[in-house]
Structures are given as structure tokens and as C-alpha cells.
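Please treat every number below as a calculation from the coordinates, not as lab data. Please read all numbers here as calculations on a predicted model, not as lab measurements. All Cβ positions, even for glycine, are placed from backbone atoms using ideal geometry, and neighbour counts span all protein chains on display.
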Amino acid sequence: MRLDPAVARFLRACEDAAPAELPLADRRECLRLLLDLNFVRYGTPGPDLPRIAEYVVPVTGDSIRIRLYYPAEATQVQPVHVVLHGGGWWQGSIDDRVNEAGCRRLAADSGVVVAAVDYRLAPENPFPAGLEDCCAALRWLAAEAAGLGLDPLRISVGGNSAGAGLAAAVTLVARDNESLPSLVFQLLEVPALDISHDTGGANELVTPVGLYLPDPGLAELPTASPLLAPDLSGLPPACIYVAEHDALRRQGEAYARRLAEAGVAVTVEFGTGGVHGSLLLTRIWPPAAEWQRKAARLLAAAHRSAIVPEVS
């Protein structure tokens, strides 16, 4: 299928976004400004929520922010969905307009608390620092659950692009590490799952591998490239969104096949006519808004069957 005209318009707006010859800080600023501008042009702001709370959480040698979006005033402890933003592991934050609006919308529509994690970025903090931050966030949420009004038995994880790759890696670590809470669901949107070699331009799309990895050989690790994990059994159920014209599409589809072969319940949502960033286009491209609503329904269903203890 050809690109939808709205998607093609978005791609033209992104041309020459951050020239490679610019210093890293300037490239980050260019992309931040462009992402916010495109969201104002093409995206839909998130709804008001009764409570948004931000916390500073210690990690090895530093600290990170976690922002909690509460969908309603609760009389019971609430499930929580951990969201990891995209940006190629080297840019992006929980403050980006598109990420902030998406967290608001997902919390409001799913009835699940959303926890956005502002993990540290490469190259200042190369792999595995970002992944370790995400795992530290999980530990903190589980340990502090009672005071936060959260249910430590109902935690899910998800993300977009590089954040989805981190989310997939987190599920692998959580499966094999008793210090992390068990996860009930993973929601992976246009995930980057294999950075061991150039698969259809995916590495250029996400990030130069040398910017993220201190040693190129680390790309073979399952925590860097979850698609290469030898064993995917025992992971939480998954939903993977792939876009038709996305260079990362094959990675998402291959990961879904491997999950199914390992006995993990998995569904694939196919974004006809979409590209890697087209989920931003909630105002001008109806499939983006439709996916937001469906993602919220899937998330709500993933948490619905768990026992809900009373708040004391």
C-alpha cells in the first residue's frame, strides 16, 4: 500500500531534522524542537488527570525521574504500566510533548497508572546504563508500591522504538532475576530488537550503534538485541505494533514469531500505510488515534483478571 498523504506530509516535515555534522547536544536540541513542533502540528494533547506525581529515584552513580500518571482517585491499589520512551537510546525524554500526551491518554483510557521512566542516555551513559535504569525503576515501583497506591503483582511494561527494545530486554531480565517483579504484559510499538547488524536500514533509523554501545560486540547480547535471545519462553504475553513502511517491521514480526514458537501468547497489530513515527499523528491520521484506543483496551484487559486488594 502507498503512504497515506498525511504520513507523507509528516515525512517531508522531518527531512534534514538534525544534520550529522552538528555537535551531539545541538542534534539533540534540533530533534527535541522538531518533535515538539510536529506534535503541535499533528498530534492531540492528552486529557487532564486527577493526579500526576514525579519522583527522583537513585540509580548506580546517579538518579533518574519517574513520573506517575493516575487515571482516577482510587479506593483500591491500581495496576501500573511502565513506559519507556523512544529516541534511539541517545535522545528523547519523558518531557517531550508526544510522550507526555501519550502517557496521559493511555492512563485515562486504560484505567491503569502509567509510570514514565526518564532513563539515562548514551553516549554519556552507554549500554547497559539505560537498561539498568529501567530495571531499577521496576524495583523501586515494586518496593514503594504500597505508598504509591500501586499493585506490585500487576505491573506491565512497554515502549516505542528504542524504548520498546528496552522493554523487551527488561522482560528478559525480569524473567531471570528474582529481584525484579514479575510482569503481566508487554506492549511493544515499532520495536528496535536487533542492533547486531543493519537489517534494512534499521540501525541508521534508530541510532549509530557506536553511539550506544561502548563495544560493538555487545550488540550480540540479548539485552541489547532481544531478538537474538536463545530462549524466549516464560515471558509475559505481548502485543507488538509494526508499521507497514517501517525499516524495523521485520524485527517486530520476527520477534512475534519467536515468542509464539516459545509458547508465549502474542498478537501483532499491523499499521497499514504507516512509517516509523506515524503513531504521533493522532490529529491528522485516524489510524494513529485508533491504535491509541486499542492499545488502552489491550492494556486494561491484560490487568483485568488479577486479584485487586483493598487499600488499607
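List of remarks:
- Potential lengthening of the chain between ARG9 and ASP215 amounts to 70.4 nm, from the contour at 0.36 nm per residue minus the alpha-carbon distance.
- Each label point was placed 7 Å from the Cα along the Cα-to-Cβ direction; for GLU178 and THR272 their separation is 5.0 nm.
- Put in line by how crowded their Cβ is, counting other Cβ atoms within 10 Å and starting with the fewest, VAL56, VAL266, VAL80 read VAL56, VAL266, VAL80.
- Counting charges near GLU29 (Lys, Arg +1; Asp, Glu -1) among other residues having Cβ under 14 Å from its Cβ returns a value of -1.
- Once divided by 2.2 N^0.38 Å, the Cα radius of gyration of the stretch 132-281 becomes 1.03.
- Peptide packing for 232-245, 275-288, 21-34 was compared via the average number of neighbouring C-beta atoms within 10 Å per residue; ordered from the highest value, the list is 275-288, 232-245, 21-34.
- Listed from fewest to most Cβ neighbours within 10 Å, the set THR171, THR60 follows the order THR60, THR171.
- Its relative contact order, with pairs defined as Cα atoms under 8 Å and 6+ residues apart, puts the chain at 19 percent.
- Considering only beta bridges that DSSP places wholly inside the chain, some 40 percent are antiparallel.
- Packing-based ranking, highest mean first, of 117-123, 82-88 given that Cβ atoms within 10 Å are counted: 82-88, 117-123
- Three-way shape call for the chain based on the alpha-carbon gyration tensor, with the a/c threshold at 1.5: rounded
- Peptides 136-145, 99-108 ranked from most to least packed by the mean count of surrounding Cβ atoms within 10 Å: 99-108, 136-145.
- Taking Cβ atoms as reference points and 14 Å as the exclusive limit, the residues near THR171 contribute a net charge of 0, counting Lys and Arg as +1 and Asp and Glu as -1.
- Within-11-Å neighbourhood charge of PRO45 [Cβ basis; K, R +1; D, E -1]: +2
- Within the stretch 32-165, the proportion of C-alpha pairs whose separation exceeds 23 Å stands at 30%.
- Sequence of GLU290, GLU73 once ranked by neighbouring C-beta atoms within 10 Å, starting from the fewest: GLU73, GLU290
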